[in-house]
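As structure tokens, the structure follows; a few thoughts come after it.
The values are calculated or read from the model by the stated rules, or taken from the named source; none is laboratory data. No experiment lies behind these values; they were computed from the predicted model shown. Here the Cβ positions follow ideal geometry from the backbone for every residue, glycine too, while neighbour counts run over all protein chains shown.
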Amino acid sequence: MLLNDIITFGNIGIDELYVYIILFFLFCMLVYYFIRPLSLWAINKKMHRLISYVVVTLLLVICILMVTNYMGSVQLHRALKVGLQISAFFGFCIMIISPIMRFLQKPVK
């Protein structure tokens, strides 16, 4: 595997899976550290559409990963490509439809 040379803790009960879990946890902490200022900025600027778009995209990717995990015949690369294309189309629709809906909902004086 990738970390065979690094992992030498087998005699004390730490195997390769635990090292991957620890590395994944550290990666999550690193991503959180860098994303937190961006999310706080978006919340302070009241960018609800951006925040909802990011959350929907993350949920879509998680759902695709779960479905491809249970269905062995679906190729992960292809499923992620389609999912991200759907997410991009969703973002484009939000960008186009939101100003039109805001314009149509303005009261006429």
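For this structure, a couple of remarks:
- Pairs, first over 16 Å from Leu58 (Cβ atoms) in segment 80-92, second surrounded by 12 or more Cβ atoms within 10 Å (Cβ to Cβ) and modelled with pLDDT of 80 or more, C-beta under 7 Å, six or more apart: none
- Residue match in segment 73-81 (condition: small (Gly, Ala, Ser) and assigned to a helix (DSSP H, G or I)): yes
To keep it simple, each residue is scored yes or no on (1) at pLDDT 80 or above; (2) at positive phi; (3) surrounded by 10 or more Cβ atoms within 10 Å (Cβ to Cβ).
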residue	(1), (2), (3)
Ile43	yes, no, yes
Met47	yes, no, yes
Tyr53	yes, no, yes
Val61	yes, no, yes
Leu65	no, no, yes
Thr68	no, no, yes
His77	no, no, no
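Each row is one residue, and each column tells you yes or no for (1) modelled with pLDDT of 80 or more; (2) exposed (fewer than 12 other Cβ atoms within 10 Å of the Cβ); (3) of a type outside the set (S, T, N, Q).
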site: Phe9; (1), (2), (3): no, no, yes
site: Tyr33; (1), (2), (3): yes, yes, yes
site: Leu50; (1), (2), (3): yes, no, yes
site: Val56; (1), (2), (3): yes, no, yes
site: Ile96; (1), (2), (3): yes, yes, yes
site: Ile100; (1), (2), (3): yes, yes, yes
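- Those residues of segment 21-53 which are free of Cβ contacts under 8 Å to residues at least 12 places away in the same chain and charged (D, E, K, R), in sequence order: Arg36, Lys45, Lys46
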